[in-house]
1. Applying the selection to the stretch 232-253, what residues are in contact with a helix residue (DSSP H, G or I) (Cβ under 7 Å, 6 or more places away or on another chain) and not aliphatic (A, V, I, L, M)?
2. What do you reckon, is residue 219 surrounded by fewer than 18 Cβ atoms within 10 Å (Cβ to Cβ) and touching a helix residue (DSSP H, G or I) at 6+ places or on another chain (Cβ under 6 Å)?
3. Taking residue 131 as the residue in question, decide whether it is at pLDDT 95 or above, open to solvent by 20 Å² or more (accessible area, probe 1.4 Å) and under 26 Å from residue 33 (Cβ atoms).
4. May I ask you to list the residues in the stretch 51-63 that are within 13 Å of residue 150 (Cβ to Cβ) and in contact (Cβ under 8 Å) with a residue 12 or more places away in the chain?
5. Considering every residue within the stretch 229-251, establish whether at least one is in contact with an Asp or Glu (Cβ under 7 Å, 6 or more places away or on another chain) and under 16 Å from residue 126 (Cβ atoms).
6. How many residues does the stretch 9-34 hold that are surrounded by fewer than 18 Cβ atoms within 10 Å (Cβ to Cβ), assigned to a strand (DSSP E or B) and not β-branched (Val, Ile, Thr)?
7. Condition (residue is outside any loop (DSSP other than H, G, I, E, B) and charged (D, E, K, R)) applied to the stretch 238-247: is it met by at least one residue?
Amino acid sequence: MAERVLVTLDGEVRDADVPLLHADDIGVLRGDGVFETLLVRGGRARTVEQHLSRLVSSAAAAGLPAPERDDWRLAIDVAVDQWGAEREGALRLVYTRGREGGSEPTAFLLLTPVAERVYKARADGVSVVTLERGYSVDLASKAPWQLLGAKTLSYATNMAALRHAESLGADDVIYISSEGFVLEGPRSSVLVARGRTLITPPPEQGILPGTTQQALFDVAGDHNFVVRYEPVRPADLVVADGVWLVSSVALAARVHTLDGHDLSRRSLVGEVEALVDAAVE
């Protein structure tokens, strides 16, 4: 059973221990490209169409040629078939501008085991610190070239934020805008519960639209929940009936500690996690 599965967009399975990229690939040199990460579980990739739609949207924002969805679907099926049904995996779809001297875009898929930190976050929840994102909620509309609503390969600042959180003894981060609004996590959407109302900050605030959050919102009404997009302040997190970081692979990680303070553990804990699991099935 392979520990990593590498597939190119033509459906060819490659040796994951053999170099694939050219040294002058712009995705490596400048982070100029987009990507998606899907959960593989039970022999299936989850929420494929939502991720492909966001890949297409991100590519358009970055000025990349439109991804051919059928090619990506076929390559996803090949990767998942190689992986098997006995274990979970994290499947990355990577799409870069290609070589610096000019070429076709680079496209490949990499399937790897789910990290242990993910299982811990699902089971135990996470401690979080709030950090300044350094921009206004209206920057996305004023400066679309910032690509705030696209999932790009330029993740250095997100990784730096997570390392900073770790240095403070926390597991994860919630970004705050310059006006003091809650935005998102470096790799997650923020979900807040008030009674049986589930709230997430609006994408218009320069937030990456969440595929798992959207899947949850699509089914929540069938389970006696109301869903809303609305601005959220850090104080709203403190008084909420529950706060979760929602993402494709970790699914729903309950925030049990915010900036060193314990958050309330109320009746929705467990129910929201189960609903997110059901939403991605």
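1. To start, the set of residues in the stretch 232-253 that are in contact with a helix residue (DSSP H, G or I) (Cβ under 7 Å, 6 or more places away or on another chain) comprises 242-244, 246-253.
Within the stretch 232-253, 242, 244, 247, 248 meet the criteria.
2. Numbers: surrounded by fewer than 18 Cβ atoms within 10 Å (Cβ to Cβ): yes; touching a helix residue (DSSP H, G or I) at 6+ places or on another chain (Cβ under 6 Å): yes.
For residue 219, the condition - surrounded by fewer than 18 Cβ atoms within 10 Å (Cβ to Cβ) and touching a helix residue (DSSP H, G or I) at 6+ places or on another chain (Cβ under 6 Å) - is met.
3. Values: at pLDDT 95 or above: yes; open to solvent by 20 Å² or more (accessible area, probe 1.4 Å): yes; under 26 Å from residue 33 (Cβ atoms): yes.
Against the criterion (at pLDDT 95 or above, open to solvent by 20 Å² or more (accessible area, probe 1.4 Å) and under 26 Å from residue 33 (Cβ atoms)), residue 131 qualifies.
4. Our first condition is that a residue be within 13 Å of residue 150 (Cβ to Cβ); within the stretch 51-63, this holds for 53-63.
Residues satisfying the conditions are 54, 55, 56, 57, 58, 59, 61, 62.
5. Yes.
6. Of the stretch 9-34, the ones surrounded by fewer than 18 Cβ atoms within 10 Å (Cβ to Cβ) are 10-24, 28-31.
Still in the running and assigned to a strand (DSSP E or B): 13-14.
The next check asks that each one be not β-branched (Val, Ile, Thr); those that pass are 14.
Qualifying residue count, the stretch 9-34: 1.
7. No, that holds for no residue.
A quick yes/no check of all residues on (1) open to solvent by 30 Å² or more (accessible area, probe 1.4 Å); (2) under 17 Å from the mean Cα position of the chain (by Cα); (3) touching a residue at least 40 places away in the same chain (Cβ under 8 Å); (4) on the phi > 0 side of the Ramachandran plot:
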residue: 65; (1), (2), (3), (4): yes, no, yes, no
residue: 71; (1), (2), (3), (4): yes, no, yes, no
residue: 78; (1), (2), (3), (4): yes, no, yes, no
residue: 83; (1), (2), (3), (4): no, no, yes, no
residue: 90; (1), (2), (3), (4): no, yes, yes, no
residue: 101; (1), (2), (3), (4): yes, no, yes, no
residue: 111; (1), (2), (3), (4): no, yes, yes, no
residue: 117; (1), (2), (3), (4): yes, yes, yes, no
residue: 139; (1), (2), (3), (4): yes, no, yes, no
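The values are calculated or read from the model by the stated rules, or taken from the named source; none is laboratory data. As the structure is a prediction and not an experimental result, all values here were calculated from the model. Heads up, the Cβs are rebuilt from the backbone with ideal geometry, glycines too, and the neighbour counts pull from every protein chain shown. Please note that ligands, DNA and RNA were not included when accessible areas were found on the heavy atoms of the full protein model with its side chains. Shrake-Rupley method; radii C 1.70, N 1.55, O 1.52, S 1.80 Å.
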